[in-house]
Amino acid sequence: MSRHARHLDRSGPSNPFPGLKALERKLGREVPHRLGSNEGLDMPHQALKARFGDEVATLARAYGDAEAMDVRQRLNALLGTPLEALIIDAGADSLMALALRTLCDPDSTVIASAGTYPTFRYFAEGQGCRLVEVDYHDAPSVLAPDLDALADRAVRDNARVVYLANPDNPSGHLHSDADILTLRDALPEDCTLLLDEAYHDFRDDADAPAAGEVWPGVVRLRTFSKAHGLAGLRIGYAIAEPALIEVMHKVRIHYAVSSLALAAAETVLDHPEETTQHVRDVIARREALAGHLRVLGADVPPSATNFIAVRLPEAELAARIHRELLEAGTLVHRPAHPALGHVLRISTLEDALAPGRLAALERALEAQH
Ligand SMILES: Cc1ncc(COP(=O)(O)O)c(C=O)c1O
């Protein structure tokens, strides 16, 4: 049974412009005179150079490597993931859209948790999929995607894709790998688990061998936007079975990742110590903020991300605090989905710990206890 969109079962389409880097790899030598791809190679833009320096101006002039070999090689060295199981695209969001394009026919059913990272819903609906949502497990000490409910619904509705963010946004909840694989095993045979691991790097076990494993039936999405600080450059990667990666390449926008983003990802991967330190700092701030708010009586479920979720007793109270914080110049996130309207998500930046920054929240908590 095919796991992907019907029209991708036949051969092609194939990338008409694999690019100079791919050709050089195939020939095993450099091609120094590039007169074949109609770029603006003879026009270093002086204003660009003045503003961003020689290197950016140089990178800007040429198409990047559509196969992102240098980034994939670094990921292979870091994670042990085979090169053919890695695909690079313009962020986890782009990879999510790419996975939907690859996996779904119009009217395919896809399943997600009601109130999870809303971009999945946005892309699924834009793709003509039928979205079915299941409730979170929202109980006294836990706010988490409900894996049993996701699996049950996927079976009942013969779903093509189940979306799960792990760690989750906005709850911050982390399910164990064993639980994820149990979920995968419970899905229909032709249903793929789209596992959004945008916050993977904030997990305590982010370096464990399982981090780079290819899990059959699962597309694992990662990003350089969070722990590596490259959100504005748009780059991320997915890990999946090579056969599925091949199909994804049929419908990928081949130069969506800029040469600058590729070079930036190579640079941050070459300097892992900075990322490690950043992650350590984020975790320390996250625990400090969660601890501070819990002392005031807040319900802050454990988070494995760079944010915390504060669960309020009612959506109206969350809306009021959100509004008051905004009036004071501070934007926190309140999910638009009514299922999680009682949650506020706060990024654990240094600024979140500044005295008085969350005064409206602190006042509301004190008023309750
Ligand atoms: C769960 C989740 N997935 C994906 C993304 C987007 O990642 P990217 O910037 O790589 O597109 C985010 C960003 O907030 C996120 O929270």
Filtering region 326-369 for residues that are under 20 Å from Lys226 (Cα atoms), of a type outside the set (A, V, I, L, M, F, W, C) and part of a loop (DSSP other than H, G, I, E, B) leaves a count of 3
Contact list, first residue from region 86-110 and not assigned by TED's automatic domain parsing to the domain that holds Met69, second anywhere and within 16 Å of the ligand (Cβ to nearest atom), beta-carbon distance below 9 Å, six or more apart or interchain, is none
Q.
Considering only region 119-127, I want to know if a residue exists there that is assigned to a loop (DSSP other than H, G, I, E, B) and in contact with a Ser or Thr (Cβ under 9 Å, 6 or more places away or on another chain).
A. yes
All conditions in (1) within 17 Å of Met96 (Cα to Cα); (2) more than 16 Å from the ligand (Cβ to nearest atom) are true of Ala154 except (1)
Of the conditions (1) in the same structural domain as Gly217 (by TED's automatic domain parsing); (2) among the small types (Gly, Ala, Ser); (3) part of a helix (DSSP H, G or I), the single one that Gly12 does not satisfy is (3)
When every residue in region 232-252 that is within 16 Å of the ligand (Cβ to nearest atom) and without any contact (Cβ under 8 Å) to a residue 40 or more places away in the chain is compared, the one nearest to Asp65 (Cα to Cα) is Leu233
By residue number, the members of region 69-99 that are farther than 17 Å from Glu246 by Cβ and either surrounded by 24 or more Cβ atoms within 10 Å (Cβ to Cβ) or within 16 Å of the ligand (Cβ to nearest atom) (or both) are Val71, Leu75, Ala90, Gly91, Ala92, Asp93, Ser94, Met96, Ala97
Point to revise | Check on Val132, surrounded by fewer than 24 Cβ atoms within 10 Å (Cβ to Cβ), at pLDDT 95 or above, among the β-branched types (Val, Ile, Thr) and not in a loop (DSSP other than H, G, I, E, B) | key: yes
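Okay, residues lined up against (1) among the hydrophobic types (A, V, I, L, M, F, W, C); (2) over 25 Å from Arg222 (Cβ atoms):
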position: Thr102; (1), (2): no, no
position: Tyr122; (1), (2): no, no
position: Cys129; (1), (2): yes, no
position: Pro140; (1), (2): no, yes
position: Arg153; (1), (2): no, yes
position: Arg160; (1), (2): no, no
position: Ser171; (1), (2): no, no
From the option list Ala47, Ala60, single residue qualifying as assigned to a helix (DSSP H, G or I) and either without any contact (Cβ under 8 Å) to a residue 60 or more places away in the chain or not hydrophobic (A, V, I, L, M, F, W, C) (or both) is Ala47
Pairing a residue in region 115-140 that is in contact (Cβ under 8 Å) with a residue 40 or more places away in the chain with any residue that is surrounded by fewer than 22 Cβ atoms within 10 Å (Cβ to Cβ) and aliphatic (A, V, I, L, M), where Cβ atoms lie under 6 Å and the two sit 6 or more apart in sequence or on different chains, gives Gly115/Ala339; Glu133/Ala114; Asp135/Ala114
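The values are calculated or read from the model by the stated rules, or taken from the named source; none is laboratory data. This is a predicted model, so every value here is computed, not measured. In this analysis, Cβ positions are derived from the backbone assuming ideal geometry, glycine residues included, and neighbour counts consider all displayed protein chains.
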